[in-house]
Amino acid sequence: MIPAPFDYEVADSVGHALSLLGDREDAKLLAGGHSLLPLLRLRFTRPALLVDIGRLEELSYVREKGDSIAIGALTRHHDVHRAPLLQEHNPLVSYAAGRIGDPQVRHRGTIGGSVAHGDPASDLPAVLLALDAEIDIAGTSGVRTVPAAEFFQGVFTTAAGPNELVTEIRVPKLTGDHGWSYLKFRRRAQDWATVGVALVAKRSNGGVESAAIGLVNMGATPLRARAAEKALASGGDPGAVAAEGTDPPSDTQASADYRRHLARVLVRRAAQEALS
Ligand code: FAD
């Protein structure tokens, strides 16, 4: 279908984007457009104004910041995947970004768009949740930092308001004691995850000191598999309790029961991979 009519402005800085958004409820940011354009074409959303931030070079970077790696919101999935700093210090993020969609999607889609869109089927939000990432949100009154655990609030609903802009995402540097895995079950190579599992475990004295597990497509938001994390850290079987506290959807890809089964199998395999 053809989108409903809208005005179009190109922002040349973060400040310019914020002033174009102003206090309008009917404006939307356009980054890579790979989630927004399908919604416009289906007329699920009808913004009166699109503010194009896709050319904001100032928000496209991967750089060191103390114990963290900072990723600008406009960094394309392809550039996250290929970033040497992430490959060295947080390969979980770069690996997962390389599993998104197909090359065309990865060359247009941005990490900021992926988190701001708030789709529980997206790959990176669950990874960021498992890593306790921090997300910077700019508004007219300044920049605030929100932990990933508070950012994802419901299907397509996040802590970023309609007149705010996600500017940066920070992930911790992982040390040599960390093992990690990202497993994504999908029917075809370029599909969205039917279920995905991001796991990072800190090893000590031959055991697991702590573990964090993020689940894709197992509820209205990316979820932490807290029971499985505890099981893994205490030497138990994390797979057995991987679906505890989840509320997966039933759709044309899979029933809720099948998704629970997938979560159990994938968490078990992810734990083996991370600790191998
Ligand atoms: P846009 O589509 O431009 O924007 C999405 C939403 O976020 C809009 O509401 C917009 O206003 C808002 N927004 C964008 N940037 C910001 C910002 N900086 N601050 C605040 N709000 C912002 N994703 C996966 O995770 N896994 C997949 O396997 C996958 N497969 C895909 C396959 C196809 C065929 C397509 C078309 C998309 C797929 N995607 C997948 C989604 C893709 O990763 C999108 O690029 C991503 O979800 C949104 O990023 P974007 O830059 O395109 O955002």
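Some notes on this structure:
- Computed with the Debye formula from one identical point scatterer per Cα of the range 180-275, without solvent, the log10 of I(q)/I(0) at q = 0.10 Å⁻¹ comes to -0.23.
- Atom-type composition of the exposed protein surface of the range 174-273 places 47 percent of the accessible area on carbon and sulfur (1.4 angstrom probe).
- Helix-only CD estimate at 222 nm, as mean residue ellipticity for the chain, using -39500 (n - 2.57) per DSSP H run (n ≥ 4): -8500 deg cm²/dmol
- Shape index of the chain: Rg/Rh, with Rg the Cα radius of gyration and Rh the Kirkwood radius from the inverse mean 1/r over Cα pairs, equals 0.98.
- The range 61-171 - percent of accessible surface contributed by carbon and sulfur, probe 1.4 Å: 46
- Per residue, the solvent-accessible area of the range 156-208 (1.4 Å probe, heavy atoms of protein chains only, all protein chains present) comes to 43 Å².
- Long pairs among 173/202; 65/202; 65/230, criterion Cα-Cα beyond 24 Å: 65/230
- Ranked by how many other beta carbons lie within 10 Å on average, peptides 240-253, 136-149, 261-274 from highest: 261-274, 240-253, 136-149
- Annotation for the range 6-110: chymotrypsin sites (Phe, Trp or Tyr not before Pro) lying in DSSP loop with at most 11 further Cβ atoms inside 10 Å of their Cβ are 44.
- Its Kirkwood hydrodynamic radius, worked out from the mean inverse distance over all distinct Cα pairs, puts the range 1-159 at 16.3 Å.
- Centroid-to-centroid separation of the range 215-246 and the range 150-172 [C-alpha atoms, Å]: 23
- Residue among 232, 74, 42 with the largest mean-square fluctuation in a Gaussian network model of the chain, springs linking Cα atoms under 10 Å: 42
The values are calculated or read from the model by the stated rules, or taken from the named source; none is laboratory data. If you're wondering where the values come from, they're calculated on a predicted model, not measured in any experiment. In this analysis, Cβ positions are derived from the backbone assuming ideal geometry, glycine residues included, and neighbour counts consider all displayed protein chains. Accessible surface is based on the protein model in full, side chains and every heavy atom, while ligands, DNA and RNA are left aside. Shrake-Rupley method; radii C 1.70, N 1.55, O 1.52, S 1.80 Å.
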